[in-house]
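Report on the structure given below.
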Amino acid sequence: MSVPASRLIGHRKIYVYSDPGSPLLRTTPAGTYVLAKVKKENDEGTYLLLNGNGATSEGNIPFLDLFDINTGNKERMWKSDKEKYYEGVVALMSDEKEGDLPINTLKILTSRKN
């Protein structure tokens, strides 16, 4: 059974304030990169992690969203605390070698600047 292609996320450089972010990738045992798919406990949905700069009129507030590819809904999992410092997602870290990543075991590496 073939499923028609559809656009999940759209980027337009001129609309930086509405940029949805970019999907995080993970490394396979073979050394290639694939989309980091996430699973929730007791949920059959398919999710991606979207990392964004969070451009606002007051400056950037980086974020990490959980994106449901079936519904298009997003859930903000994390955002930088602009009142204290600037912090952004650098990498996704996981002990999982293959398959979807359980959401309750996710490890995210960030970089913080004062």
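The residue pairs whose first member lies in the stretch 98-114 and is under 19 Å from Pro29 (Cβ atoms) and surrounded by 11 or more Cβ atoms within 10 Å (Cβ to Cβ), whose second member is at pLDDT below 90 and acidic (Asp, Glu), and whose beta carbons are closer than 7 Å, counting only pairs six or more residues apart or on different chains, do not exist in this structure.
What tally of residues in the stretch 79-93 results from selecting those that are more than 18 Å from Ser22 (Cβ to Cβ) and not charged (D, E, K, R)?
Number of matching residues: 2.
Within the stretch 76-103, the set of residues being part of a strand (DSSP E or B) and small (Gly, Ala, Ser) comprises Gly88, Ala91. Put simply, of Ile69, Ile9 the only residue that is β-branched (Val, Ile, Thr) and either within 16 Å of Ser111 (Cβ to Cβ) or modelled with pLDDT under 90 (or both) is Ile9.
For the stretch 40-70, the set of residues classified as surrounded by 14 or more Cβ atoms within 10 Å (Cβ to Cβ), touching a Phe, Trp or Tyr at 6+ places or on another chain (Cβ under 7 Å) and in a strand (DSSP E or B) consists of Tyr47, Leu48, Leu50, Gly52, Ala55, Phe63, Leu64, Leu66, Phe67, Asp68, listed by residue number.
The values are calculated or read from the model by the stated rules, or taken from the named source; none is laboratory data. Keep in mind it's a predicted model, so treat the numbers as computed, not measured. Because the Cβ atoms are built from the backbone with ideal geometry, glycine has one as well, and the counts that use them run over all protein chains shown.
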